[in-house]
Amino acid sequence: MSIADEPLYPIAVLIDELKNDDIQLRLNSIRKLSTIARALGEERTRRELIPFLGENNDDDDEVLLAMAEELGVFVPFVGGVEHAHVLLPPLETLCTVEETCVRDKAVESLCRIGSQMRESDLVEYFIPLVKRLAAGEWFTARVSSCGLFHIAYPSAPEMSKTELRSIYNLLCQDDMPMVRRSAASNLGKFAATVEYTHLKADTMSIFEDLTKDDQDSVRLLAVEGCAALGKLLEPQDCVAHILPVIVNFSQDKSWRVRYMVANQLYELCEAVGPEPTRTELVPAYVRLLRDNEAEVRIAAAGKVTKFCRILNPDLSIQHILPCVKELSSDSSQHVRSALASVIMGMAPVLGKDATIEQLLPIFLSLLKDEFPDVRLNIISKLDQVNQVIGIDLLSQSLLPAIVELAEDRHWRVRLAIIEYIPLLASQLGVGFFDDKLGALCMQWLQDKVHSIREAAANNLKRLAEEFGPEWAMQNIIPQVLDMIGNPHYLYRMTILQSISLLAPVMGPEITCSKLLPVVITASKDRVPNIKFNVAKVLESIFPIVDQSVVEKSIRPSLVELSEDPDVDVRFFSNQALQAIDHVMMSS
């Protein structure tokens, strides 16, 4: 190939690969578009590559999706923002395909390009594109157009703005529910760009039509619009236009609509102000907390803390707390789980007295729930309650339940308790910890589940860091070392792991005098798994101890292990010896 022909080579490869039967080759060539564009240069990319992509009617959605994504970041390769409009035709075609994810990606890319385009180019190229899509014969084009209005509208001349508003109005009344759904979900973004006078007049009438749609899939998207529009309107307009809609939606015949309301309601409280919240939204929320559909109660229960933060404590205690008590014994375990994940956050909102009087009994009942996820959710948020009621009350009321859960039949619950122990230890203090929880920490080292034993070993390390080496020497080390004689090799392995984790915390002196002899003795174990774990432990602790100890104790033990009949023992002991040699050479 001559030098003059070289620039043609990349485009030739691309065209060949794009027409290849192998989808992977077609995908690879699409993903290399930016490389090919650099090779071609800006002018040839505009003149040859982009038109070629516009004509390429690949039938595979994966290829089209990759193309839609690539074109979104293509502005620098076509010569910057002054030439960005050349990218619009291929993306317009992609906006009309049947596959939803391709259309969504094409709309996303168009929005990205449109937000960079010059105002004059938006008027000349982007607004006509939006109008063409909105008037498309096939519903896919009209669906895509709804996501582009918020980019087109701000730069449009006054006449075009009026036209765009009326087009959007028509899309909201389209015969196809998919188009109305798209219009409803994008209404908030479009409304944010519309002038306030038109927002009150035109956009609110569009919104009211959508809220009365006969398809629940459209109405539930209109609920999302409530929160978005509520933030744009003045409080009095919000009360007049949005509040009645939300109250009606909270009693909608479709549970999916009520579910959306339960998710969005707390956001509206800020928009309408305290008085309408108290008189209108609190009763609506209470209805949702007592809804006959479990999914609605789950959504409402999950937002109970956020809702209470907006209200004053008296209103929460008077109206919300009775519902919370009911939900704590709900027939659906998923409702109780959703409540358990957020209820601890109510303690700082309600204050100390209400927490002790009203919330503590609910916490205790949820801690004893038969469903493990409920118990887990309570355990993981205990620190929020501690900040409010103090450690004395927490230890009196909740600690017996925690000790009970430490022996829970579900290992995930035991695991959650172990992970919470260091935090609990720092809050309780060393005296209380030794008295109540010390024995549990040792017990977990001999649990039947490996994940529990592993977490228990990590837990000992964190406790040693929290209370210091002296405390660990008295309370942890002797009991840990006693367990090395356990007849089951899996438990002996846990002790080796504990020693490996504790050595850096305990320091060289205790490691040499107490921990190392136990590890050296374990190297004579009859089980190969123990022996190769000894090699790993020796590799991890040799940097802590003095070089003379390495030569006198660690190296001879590893040399002996390196001649073991078992291949894994030889491998790990040689690896440890190499690590020691490497450190010795570098020092």
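The values are calculated or read from the model by the stated rules, or taken from the named source; none is laboratory data. Please read all numbers here as calculations on a predicted model, not as lab measurements. Neighbour counts are summed over all protein chains in view; Cβ atoms, including those assigned to glycine, are modelled from backbone coordinates with ideal geometry. Side chains are part of the model used for accessible areas, which takes the heavy atoms of the whole protein and leaves out ligands, DNA and RNA. Shrake-Rupley method; radii C 1.70, N 1.55, O 1.52, S 1.80 Å.
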**Q.** Cα pair distances exceeding 17 angstrom across the stretch 139-280, given as percent
**A.** 57 percent
Q) With contacts defined as alpha carbon pairs under 8 Å and 6 or more residues apart, what's the relative contact order of the chain in percent? A) 5 percent
Q: Could you work out how far the C-alpha centroid of the stretch 211-269 sits from that of the stretch 557-578, in angstrom?
A: 69 Å
Q: Provide TYR259, TYR266 ordered by accessible surface of protein heavy atoms (probe 1.4 Å), highest first.
A: TYR259, TYR266
Q) Hey, got a sec? Which trypsin sites (Lys or Arg not before Pro) in the stretch 451-554 land in a DSSP loop and have at most 15 other Cβ atoms within 10 Å? A) LYS524, ARG526
Q) For the stretch 258-371, what relative contact order do you get, as a whole percent, if you take Cα pairs closer than 8 Å and at least 6 residues apart? A) 26 percent
Q) Taking +1 at the Cβ of each Lys and Arg and -1 at the Cβ of each Asp and Glu, which of TRP411, LEU229, PRO528 sits farthest along the dipole of the chain towards its positive end, judged by Cα position relative to the Cα centre? A) TRP411
(Q) Using the basic label-point model (7 angstrom from Cα toward the beta carbon), what is the ASN312 to GLU195 distance in nanometres? (A) 4.2 nm
Q: Apply the Debye scattering formula to the chain, with a single equal point scatterer on each alpha-carbon and no solvent, then give log10 I(q)/I(0) at q = 0.06 Å⁻¹.
A: -0.57
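Once every DSSP H run of n ≥ 4 in the chain is given -39500 (n - 2.57) and the sum is divided by its residues, what mean residue ellipticity at 222 nm do you get, rounded to the nearest 500 deg cm²/dmol?
-19500 deg cm²/dmol
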**Q.** Electrostatic dipole magnitude of the stretch 180-291 [Cβ: Lys, Arg +1; Asp, Glu -1; Cα centre; debye, to 20]
**A.** 380 debye
Q.
So for the stretch 433-510, averaging the separation of alpha carbon pairs under 8 Å that are six or more residues apart and normalising by length, what relative contact order in percent results?
A. 32 percent
Q.
Just want the answer: with Cβ charges of +1 for Lys and Arg and -1 for Asp and Glu, which residue in ILE343, SER182, LEU399 is farthest toward the dipole's positive end in the chain?
A. LEU399
Q) Which net charge results for the neighbourhood of ARG462, defined as the other residues with beta-carbon distances under 14 angstrom from its beta-carbon, given Lys and Arg at +1 and Asp and Glu at -1? A) -3
Q: Take the cross-link list LYS368/LYS461; LYS131/LYS212; LYS105/LYS189; LYS524/LYS552; LYS381/LYS448; LYS105/LYS231 and give me the ones stretching past 23 Å between alpha-carbons.
A: LYS368/LYS461; LYS131/LYS212; LYS381/LYS448; LYS105/LYS231
Q. Accessible area of HIS488, 1.4 Å probe, to the nearest 10 Å²?
A. 80 Å²
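What net charge do the residues around ALA401 carry, taking every other residue with its C-beta under 12 Å from that of ALA401, with Lys and Arg at +1 and Asp and Glu at -1? Display every interim value, and only then the final one.
Details: positive: LYS368, ARG375; negative: ASP369, GLU404, GLU407, ASP408.
Counting the neighbours of ALA401, the net charge comes to -2.
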Q | Student exercise, the stretch 486-586 dipole from Lys, Arg, Asp, Glu Cβ charges, in Debye to nearest 20 | A | 260 debye
Q) When the dipole is taken about the Cα centre of the chain, and only Lys, Arg (+1) and Asp, Glu (-1) are charged at their Cβ, what size is it in debye, to the nearest 20? A) 1380 debye
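Send over the per residue convex hull volume for the stretch 486-586, Cα only, as a whole number of Å³.
Numbers: hull volume 8.6 nm³, N = 101.
In the stretch 486-586, the Cα convex hull volume per residue is 85 Å³.
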**Q.** Additional length obtainable on full extension of the chain from ARG526 to GLN116, 0.36 nm per residue less Cα span
**A.** 140.5 nm
Q. How far apart, in nm, are two points set 7 Å out from the Cα along the Cα-to-Cβ line at GLN474 and at ILE23?
A. 6.8 nm
Q) At a 1.4 Å probe radius, carbon and sulfur cover how many percent of the accessible area of the chain? A) 51 percent
Q | Cα centroid of the stretch 28-88 to Cα centroid of the stretch 498-539, whole Å | A | 60 Å
Q. Can you list the trypsin sites (Lys or Arg not before Pro) in the stretch 251-301 that are in a DSSP coil and have 15 or fewer other beta carbons within 10 angstrom?
A. LYS253, ARG290
Q | List ARG112, ARG103, ordered by accessible area with a 1.4 Å probe, largest first | A | ARG112, ARG103
Q) Among 171-177, 337-343, 553-559, what's the highest-first ranking by average C-beta atoms within 10 angstrom per residue? A) 337-343, 553-559, 171-177
**Q.** Range in the chain, longest, excluding exposed GluC sites (Glu not before Pro) [loop by DSSP; at most 11 other beta-carbon atoms within 10 Å]
**A.** 138-369
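Measuring with a 1.4 Å probe in the full set of protein chains, what accessible area per residue, in whole Å², belongs to the chain? Numbers along the way, then the final one.
Working: 26290 Å² over 587 residues.
Heavy-atom accessible area per residue stands at 45 Å².
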Q: Would you work out which of VAL247, VAL81, ALA66 lies farthest towards the positive end of the dipole of the chain? Charges go on Cβ: Lys and Arg +1, Asp and Glu -1.
A: VAL247
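Membrane-span-like helices in the chain: DSSP H runs reaching 18 Å or more (Cα, own axis), mean Kyte hydropathy at least 0.0?
On the way: long enough: 100-114 (21 Å, 0.11); 158-172 (21 Å, -0.15); 177-191 (20 Å, -0.13); 216-232 (24 Å, 0.85); 255-272 (24 Å, 0.09); 411-428 (24 Å, 0.88); 450-467 (26 Å, -0.68); 489-506 (25 Å, 1.08); 528-541 (20 Å, 0.36); 567-586 (28 Å, 0.35).
The answer, listed by residue number, is 100-114, 216-232, 255-272, 411-428, 489-506, 528-541, 567-586.
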